[in-house]
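See below for the structure under consideration.
The values are calculated or read from the model by the stated rules, or taken from the named source; none is laboratory data. Computed from a predicted structure; not experimentally measured. With ideal geometry, Cβ positions are generated from the backbone for all residues, glycine too; neighbour counts draw on all protein chains shown. SASA here: full protein model, heavy atoms, side chains in, ligands and nucleic acids out. Shrake-Rupley method; radii C 1.70, N 1.55, O 1.52, S 1.80 Å.
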Amino acid sequence: MRKTLDEASGIEVTHQVDTFESLARHTRELPDVVVIGCLADVPRAPLAARRFLDRRPSANVLVLDDNAVLPDAPRVGVLPLTSSPDEFLSAIRMLAAGYAFYAGPAPRTAERGEPQLERITRRETDVLRLLVAGQTNSAMARHLSLTESTVKFHVQNLLRKLRLPNRASAVAYAYETGLINVGELSETAGRP
């Protein structure tokens, strides 16, 4: 990618970093487009992009990821890692011109004949927040004034509705879709 950028006319690379901390430090003066892929300290590009956009909401961000799920944002582009150099440059130019886009494969729920994901309830969202905070079923039951078997039911129902295989994937889903923000984790974890 760096070679493609260096050889492109009208594009100048201001910084190249490999950690989120460096990204935050080097983008005090925003470039026209920030390209975010896998970083050493935040290996999931969608999570790194979300954290960056929380700090710099006016940034134009290109996320390089094959399975990114991002909330609607006015200045975000998503491009698969398998994109060609021409597609990569076009994506940067589109973002610099003020366009947002998603160039990845169609989301699974958009496949023909496949039903849409069910909406999760407020209680399931509460369970998901506590799950992200690392709470056990018994701790969630105490926090929510429920029985442990009711919490287990909510966790299983949540995984079924979101079509996720396990609790760890639910945590990743919560971050990637923006259901849970990084700051909420410490707030939720500190409650009894």
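Points to keep in mind about this one:
- Those strands (runs of 3 or more DSSP E) of region 7-91 in which 3 or more residues are open to solvent by less than 30 Å² (accessible area, probe 1.4 Å) and among the aliphatic types (A, V, I, L, M) occupy 61-64, 76-79.
- Single match in Asp66, Asp41 (criterion: touching a Leu at 6+ places or on another chain (Cβ under 6 Å) and among the charged types (D, E, K, R)): Asp66
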